[in-house]
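This report concerns only the one structure given below.
The values are calculated or read from the model by the stated rules, or taken from the named source; none is laboratory data. Values in this document were obtained by computation on a predicted structure and should not be read as measured data. Ideal geometry is used to build each Cβ from the backbone, glycine not excepted, and the neighbour counts take in all protein chains shown. Surface areas here come from the heavy atoms of the whole protein model, side chains and all, with no ligands, DNA or RNA. Shrake-Rupley method; radii C 1.70, N 1.55, O 1.52, S 1.80 Å.
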Amino acid sequence: VDGFYIAGAMTSPAATLALEVLGGSSPLITNDAINGGGGNGGASGAGSTGVGILDGSPEVRSCAVTGGTGTGNPGSLGIGIVSAGSPYVHDLIVSGGTGTPLSLTANDAAVGVVIGSSATQATALRDLTVYGSDNVGTTGVVGSTVGIVVYGTSLTVDIESSFVHGGKGSAGSTSSSAIVIQNPGGTTRVLGDRIYGGARTGPSSQTYGVEAEQGGNLSVNNCEIHGGSVATSTGAFSVGVGVQAAPSLTLTFDTIYSGQGPGGAISIASGVHGVVLTDDLLAGGGPGAAEVAIDMGSCSGQLATLDHTAFVNFDDLYECASGTPATTITLMAVALPGISTAGDLEIQQIGAACANPTCVPDPSCPASPASCLPSVFGASWTSDDGFTGLFDGAPLVSDAMPPLRGWTLPPNSPCAIARGGTQVNGVNADLFGQTRSSSKPTIGADEYVPTVCAN
């Protein structure tokens, strides 16, 4: 099915769907523009859907898919995958559309992709550009939006080498999330992705880069994550990675920015234990931003490992429910007795605030992100709170490589962990494909830096 414009009915009292795969079929669907239409799904499902894969093993690539303008639960959906086969969905631009939720607070207005089938390795979700909603004006849709939802039980799903935007929306007490995981008993692996939580203009709204609501094993490797942008109001917050439930959580070689608003880079509920954080770069909004790098629901037993991680632009590095916030690496090590805290760094201004051996001095930090984070990320940190830098990155690099996409570290960055790119959990290359090597520095998702800053 190649080169068509395919659309569901633009108005309908029932749910509409542009293209559906059924009956164990395995078509190749390429170079199509697909619009879900404008139906009404009621409480039982999406009002409009671009592509529904209900059975079979289709390959869908090189298409532009939008969920349409439907009303339902959710209002509109770009792609829904529930198949016992092996669908391969890659190299697409997908938008959730501009739907209307049946209930403003209980349902989503628009969702880019819902996957309810295992998808790993050759059949992974990969090389996608996903938006939770169409980018309409400055406020987007009225209601909550999600880029990708993993929904099922005991699924194994890889989301790989993709750009995921949570979408834009308005209305109070609503949310945008780039990736939401509801996969008890399963395993979700987020690998080499650029992730933006989304943008909200309503009061008491929230954004998440990655949000694990129902627990399966979760690993996030080689990703760059922006928690999102929220309105300045009581109750509004943004979070890079928020985990309510997960029997196993590993964050390795990630660059995580807490986003615009109170919240934090990482927030983990009290029931989650054995968390491994290693070789991550955590960045915040600066003094007075009411953000914490790592927020834990319990003060004991949650973290198993916290090593070779850098903390940039935070007042509080670590906080747990009943403990005093840790403002330095030294105090954090006291708060976390018995776990590995080797090689951790904090970036602080020269002077009394940076007098311990775990501190790297930088006269630009802490400060507003616009002042501090260009010192860390160079030209790849853009004036729009890093958003376009996350997806486009520095426009030029010195060695005639193609333009990099994402936040990169310039040669003079204060952030480089001296042990080099020691492989962790089998991750042997950085986000940009550079082989990790002990002869080169590493921090977060980017290793491609020619100098090492000793701590």
With respect to the numbered conditions (1) surrounded by 21 or more Cβ atoms within 10 Å (Cβ to Cβ); (2) of a type outside the set (Asp, Glu); (3) over 20 Å from residue 228 (Cα atoms), which one is the sole condition not fulfilled by residue 167?
-> (3)
Which one is most open to solvent (accessible area, probe 1.4 Å) among residues in segment 108-120 that are within 22 Å of residue 18 (Cα to Cα) and of a type outside the set (A, V, I, L, M, F, W, C)?
-> 108
Can you name every residue in segment 1-36 that is open to solvent by 30 Å² or more (accessible area, probe 1.4 Å), part of a loop (DSSP other than H, G, I, E, B) and either in contact with a helix residue (DSSP H, G or I) (Cβ under 8 Å, 6 or more places away or on another chain) or within 23 Å of residue 100 (Cα to Cα) (or both)?
-> 9, 10, 11, 12, 13, 14, 15
Residue that is farthest from residue 223 (Cα to Cα) [pool: residues in segment 130-165 that are out of contact with any strand residue (DSSP E or B) (no Cβ under 6 Å at 6 or more places or on another chain) and hydroxyl-bearing (Ser, Thr, Tyr)] | 138
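Take the residues in segment 186-219 that are aliphatic (A, V, I, L, M) and either surrounded by fewer than 24 Cβ atoms within 10 Å (Cβ to Cβ) or under 9 Å from the mean Cα position of the chain (by Cα) (or both), then tell me which one is modelled with the lowest pLDDT.
191
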Please specify each residue of segment 306-332 satisfying the condition of being in a loop (DSSP other than H, G, I, E, B) and either at pLDDT 85 or above or of a type in the set (A, V, I, L, M, F, W, C) (or both).
-> 309, 313, 314, 315, 321, 325, 327, 328
Name the residues in segment 273-305 that are more than 26 Å from residue 229 (Cα to Cα) and in a loop (DSSP other than H, G, I, E, B), would you?
-> 273, 274, 298, 299, 300, 301, 302
Taking segment 360-385 on its own, how many of its residues are over 17 Å from residue 284 (Cβ atoms) and open to solvent by 20 Å² or more (accessible area, probe 1.4 Å)?
-> 6
Which residues, counting only those in segment 380-397, are at pLDDT below 85 and either charged (D, E, K, R) or on the phi < 0 side of the Ramachandran plot (or both)?
-> 392, 394, 395, 396, 397
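For segment 69-140, please list each of the strands (runs of 3 or more DSSP E) lying entirely inside it that holds at least 2 residues being under 18 Å from residue 162 (Cβ atoms) and in contact with a Phe, Trp or Tyr (Cβ under 9 Å, 6 or more places away or on another chain).
Output list reads 88-95, 108-115, 125-131.
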Just wondering, is there one or more residues in segment 239-246 that are modelled with pLDDT of 90 or more, more than 20 Å from residue 155 (Cβ to Cβ) and in a loop (DSSP other than H, G, I, E, B)?
-> no
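Every residue, every condition in (1) open to solvent by 10 Å² or more (accessible area, probe 1.4 Å); (2) in contact (Cβ under 8 Å) with a residue 60 or more places away in the chain; (3) within 25 Å of residue 360 (Cβ to Cβ); (4) not hydrophobic (A, V, I, L, M, F, W, C), yes or no:
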| position | (1), (2), (3), (4) |
| --- | --- |
| 257 | no, yes, yes, yes |
| 268 | no, no, no, no |
| 296 | no, no, yes, no |
| 310 | no, yes, yes, no |
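Name the residue that is farthest from residue 254 (Cα to Cα), counting only residues in segment 170-179 that are open to solvent by less than 10 Å² (accessible area, probe 1.4 Å) and within 16 Å of the chain's Cα centre (by Cα). Reasoning before the result, please.
Start the filter on segment 170-179 by keeping residues that are open to solvent by less than 10 Å² (accessible area, probe 1.4 Å), which leaves 174, 176-179.
Narrowing further to those that are within 16 Å of the chain's Cα centre (by Cα): 176-179.
Values: 176: 21, 177: 18, 178: 16, 179: 15 Å.
Here the residue is 176.
Being touching a strand residue (DSSP E or B) at 6+ places or on another chain (Cβ under 7 Å), at pLDDT below 95 and open to solvent by less than 20 Å² (accessible area, probe 1.4 Å) narrows it down to one residue among 56, 52, 39; which is it?
Values: 52 fails: at pLDDT below 95; 39 fails: at pLDDT below 95.
Unique residue meeting the criteria: 56.
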Quick check: anything in segment 122-138 open to solvent by 10 Å² or more (accessible area, probe 1.4 Å), modelled with pLDDT of 90 or more and among the small types (Gly, Ala, Ser)?
-> no
